[in-house]
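Worksheet: one structure, shown below.
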Amino acid sequence: MVLIRRFELRVNELFLRGLIPGTIHLSHGQEATAAGTCLALETNDRITITHRGHGQALAKGVTAESMMAELFGKATGCCGGRGGSLHVGDMSVGALPAIAIVGASSPIATGMALAYKRKNTGQVVANFFGDGTANKGDWHESMNLAAIWDLPVVFVCENNLWAVSTHISDTMRVEHVADRAVAYGMPGHTIDGNDPVAVYDTVATAVDRARSGGGPTLVECLTYRRGGHKRDDPATYRPTEEVDAWLADDPIERFRTTLLNGIMTHAQLKTIEEDVDAELDAAVAAAEAAPVPDPRTVEDHVYG
Ligand SMILES: Cc1ncc(C[n+]2csc(CCOP(=O)(O)OP(=O)(O)O)c2C)c(N)n1
């Protein structure tokens, strides 16, 4: 969680300095959902990543170094510098490169789960998506197919209340995204997405169920993005009281208090922060020094 938070803040700073091309959607504030979910998965299990996916990728094991290089558009990036922020991922750790088309990853996750079931591989897929995505037709169709075929997929909603500048209450008549699970005949849980232990416990149960042939589960994690939707969004559409309440409930500070209650010491927590800073310093230095992709390889990996 500390790695995700500091990675995102560092990326923001580098972006403002003009060192990162393209656009960025940051996930700071949503660290517990990514970390708790990915901890409940095996390396061989897969995740699908959203447009707000740096934290999801880091939690699954994509290295900060390869992702930083990707954001810089360098050849050493996890996708060879071709994808940038919106397409991070690394199949060697089970992280399918991110799909920026809202809702498009749910059919893909469901399709992967169908393959795993037919081939009897024992693998599970976690499909990350946002609250706004739960209004897309492809998401609903995926939920239904996954349910009727008992597929090994866990649908993980990062409900941060806002889809760009639209509040969830303007687009849903039910109170919670997880209320929709009943329509498809799968379990649905609404949980505190800022509590990594709650996320881990709930997703681990869903993963066990999926792996043992029990079918999919919808897990809705209530969380909040601490920044705007993307780089140029000051998020002034959010009510001050709402922002203040959520910013006061910082998942990292909260878990820090839990850990300091007899589990870890201040010194150990400080070491984590120092190690993360050193890792990020090295990642940025390596990204700056790395070459851009060779223009002669422009047609590599292109279907057509
Ligand atoms: C099909 C499609 N429509 C619109 C967009 C533009 N867009 C990017 S993110 C986003 C909002 C997504 O909201 P949500 O699913 O709640 O995720 P969050 O951004 O809150 O993490 C939109 C409309 C897109 N990428 N794809």
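Of the residues THR217, THR190, the single one that is crowded, with 19+ Cβ neighbours inside 10 Å, in contact (Cβ under 8 Å) with a residue 24 or more places away in the chain, over 21 Å from SER27 (Cβ atoms) and of a type in the set (Ser, Thr, Tyr) is THR217. Screening the stretch 55-166 for helices (runs of 4 or more DSSP H) wholly inside it with 2 or more residues that are in contact with a Phe, Trp or Tyr (Cβ under 6 Å, 6 or more places away or on another chain) returns the ranges 137-148.
The test for being more than 12 Å from the chain's Cα centre (by Cα) and not charged (D, E, K, R) does not hold for PRO97. Is it the case that GLY132 is closer than 16 Å to LYS230 by Cα, without any contact (Cβ under 8 Å) to a residue 60 or more places away in the chain and within 12 Å of the ligand (Cβ to nearest atom)? Judged against the criteria, GLY132 is a match. The single condition among (1) touching a His at 6+ places or on another chain (Cβ under 8 Å); (2) more than 13 Å from ILE4 (Cβ to Cβ); (3) not β-branched (Val, Ile, Thr) that SER27 does not satisfy is (2). Of all residue pairs spaced 6 or more apart or on separate chains, those with beta-carbon atoms under 6 Å, a first member in the stretch 224-237 that is under 23 Å from ASP195 (Cβ atoms) and a second member that is assigned to a loop (DSSP other than H, G, I, E, B) and more than 11 Å from the ligand (Cβ to nearest atom) are ARG226/HIS28. Hey, could you check the stretch 97-129 for residues that are among the hydrophobic types (A, V, I, L, M, F, W, C) and over 25 Å from ASP208 (Cβ atoms) and say which is farthest from the ligand (Cβ to nearest atom)? Only one residue fits best here, namely ALA98.
Of a type in the set (A, V, I, L, M, F, W, C), surrounded by 18 or more Cβ atoms within 10 Å (Cβ to Cβ) and over 24 Å from LEU71 (Cβ atoms): is that true of MET172 in this structure? So MET172 does not fit the description; no.
Here are some residues: HIS25, HIS54. Which one is closer than 30 Å to THR297 by Cα, within 16 Å of the ligand (Cβ to nearest atom), modelled with pLDDT of 95 or more and surrounded by fewer than 24 Cβ atoms within 10 Å (Cβ to Cβ)?
Going through HIS25, HIS54 in turn, the sole match is HIS25.
Would you point out the residue of the stretch 28-51, among those that are small (Gly, Ala, Ser) and either more than 16 Å from the ligand (Cβ to nearest atom) or more than 16 Å from the chain's Cα centre (by Cα) (or both), that is surrounded by the fewest Cβ atoms within 10 Å (Cβ to Cβ)? Selected residue: ALA40. Restricting VAL153, VAL197 to those that are under 18 Å from the mean Cα position of the chain (by Cα) and crowded, with 18+ Cβ neighbours inside 10 Å reduces the list to VAL153.
The values are calculated or read from the model by the stated rules, or taken from the named source; none is laboratory data. This is a predicted model, so every value here is computed, not measured. Neighbour counts are summed over all protein chains in view; Cβ atoms, including those assigned to glycine, are modelled from backbone coordinates with ideal geometry.
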